[in-house]
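Participant: Submitted below is the structure of interest, expressed as C-alpha cells.
Readers should treat all values here as calculations from the given coordinates under stated rules, not as data from a laboratory. A quick note: this is a predicted structure, and the numbers were derived from the prediction, not measured. In this analysis, Cβ positions are derived from the backbone assuming ideal geometry, glycine residues included, and neighbour counts consider all displayed protein chains.
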Amino acid sequence: MPKLKTTYDFLGGEVLIFDKDLEWTSFDLVNRVRNTLCRKMEIKKMKVGHAGTLDPLATGLMILCTGKSTKKIESLQGLEKEYTATFKLGATTPSFDMESEEDSNRDTSHVTKELIEETIKKFRGEIEQVPPIFSAVKVKGKRAFDYARNGEDIKLRPRKIVIHNIEVESFNLPYLKIRVECSKGTYIRSLARDIGEELKCGAYLTELRRTRIGDFKVEDAITIDFFLENLNLFETI
C-alpha cells in the first residue's frame, strides 16, 4: 500500500505519483486529476502537469505536479527512467508497436538467448537513436505523427541517448522481455526496432511498463481509481 499523507496543499504544490492504466493517455490522467481537484476545492482552475508522457498502450509510473510544484517538472523530466518491455521478434509494424498492423514477417530460427545477450551489449552506453515517425517529435513546426498519418515520408534526425543498463528478463520465441534503465528522450519502441534489425529478424514493442523515474518507484504509486475513491479522506489546505 502506498504511503499517503493526511494533508495536501495542492495549490501550494504537490508531487503525486500514479500507476497509469492501459489505454489512458497522459492527458487523460492529468485532466481527470485537475478536474477532480478543482471540484473538491471548489475552484475554477489549477495548474497540473506531468513530468514525462507515456503512450496509451504503456502502463506504469507517471509523476504529476500540482500548483507551484509544476516548476519542478523540467528537473523531474531529466531523471533516469526504468522500463520493462516485451518485444515480438520476427515481425515489424510502421509504428514499432501494436498501434499499427504488422507489415513484415521474418525468420527467427537463428535467434538464441546467447545471440540476444551479445546483441544487447551493443546498446549499452551513449548511442544515437532515431525517434519513431509515429511520435510527438516536431519537424518544421508539425508533430511527426501528423506527417505519418497523412502518408508523408519524412526523415527524423538521430538523437544521442544513454542506455545505462539493459538486460534480458525472459525469452521465449517470438517474445523477448527486457529491463532497461535509460536517459530522458529514449524511445523504447525505437529500441525494439533497432534490436530487431541487429538480430536480423525485426521486432516491435508489444508491452511497456515504466517502473521507475529517478528515486520514484511504481510500487509506491497510486492508481487513478484509488485517488478518486479516497480523495475525500485527504484534508486539503
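Participant: Grab the other residues whose beta carbon is less than 14 angstrom from that of Ala203, score K and R as +1, D and E as -1, and report the net.
Facilitator: Once all neighbours under 14 Å are counted, the net charge is -2.
Participant: If I take every Cα pair under 8 Å that is 6 or more residues apart in the chain, average their sequence separation and divide by the length, what percent do I get for the relative contact order?
Facilitator: Here the relative contact order equals 30 percent.
Participant: I would also like to ask the following. So which of Lys72/Lys113; Lys40/Lys72; Lys113/Lys155; Lys47/Lys88 end up more than 30 Å apart, counting from Cα to Cα?
Facilitator: Flagged as over cut-off: Lys72/Lys113; Lys113/Lys155; Lys47/Lys88.
Participant: Calculate log10 I(q)/I(0) of the chain for q = 0.11 Å⁻¹, where I(q) comes from the Debye formula with a single equal point scatterer on each Cα and nothing for solvent.
Facilitator: Normalising to I(0) and taking log10 leaves -0.63.
Participant: A follow-up question, please. Would you compute, from DSSP H runs of 4+ residues alone, the mean residue ellipticity of the chain at 222 nm, taking -39500 (n - 2.57) per run and dividing by the full residue count, rounded to the nearest 500?
Facilitator: -6500 deg cm²/dmol
Participant: For Cα pairs less than 8 Å apart in space and 6+ apart in sequence, what is the mean separation divided by the residue count of the range 16-136, i.e. the relative contact order in percent?
Facilitator: In percent, rounded to a whole number, it is 20.
Participant: Across the range 1-121, how large is the tail of the calculated P(r) beyond 25 Å, expressed as a percent of all Cα pairs?
Facilitator: Within the range 1-121, distances greater than 25 Å cover 43 percent of Cα pairs.
Participant: Next question, about the same structure. Run the paramagnetic zone check for Lys160: 7 angstrom along Cα to Cβ, then residues of the range 169-201 with backbone nitrogen under 19 Å.
Facilitator: In the range 169-201, the label zone of Lys160 (backbone N under 19 Å from the point 7 Å along Cα→Cβ) covers 182-187.
Participant: Please tell me which of these pairs span more than 21 angstrom C-alpha to C-alpha: Lys121/Lys160; Lys121/Lys200; Lys5/Lys81; Lys122/Lys184?
Facilitator: Lys5/Lys81
Participant: Kindly state, to the nearest 0.05, the FRET efficiency for Glu167 paired with Asp107, given R0 = 22 Å and r defined as their beta-carbon distance.
Facilitator: The computed FRET efficiency comes out at 0.30.
Participant: Same structure, new question: Distance between the C-alpha centers of the range 49-66 and the range 84-107? Whole Å please.
Facilitator: Going from one Cα centre to the other spans 24 Å.
Participant: How big is the gap, in Å, between the Cα center of the range 150-226 and the Cα center of the range 12-26?
Facilitator: If we compute the Cα centre of each part, the gap is 19 Å.
Participant: Just grab the label-to-label distance for Glu114 and Lys184, each label 7 Å out from Cα along the Cβ direction, in nm (one decimal).
Facilitator: 4.2 nm
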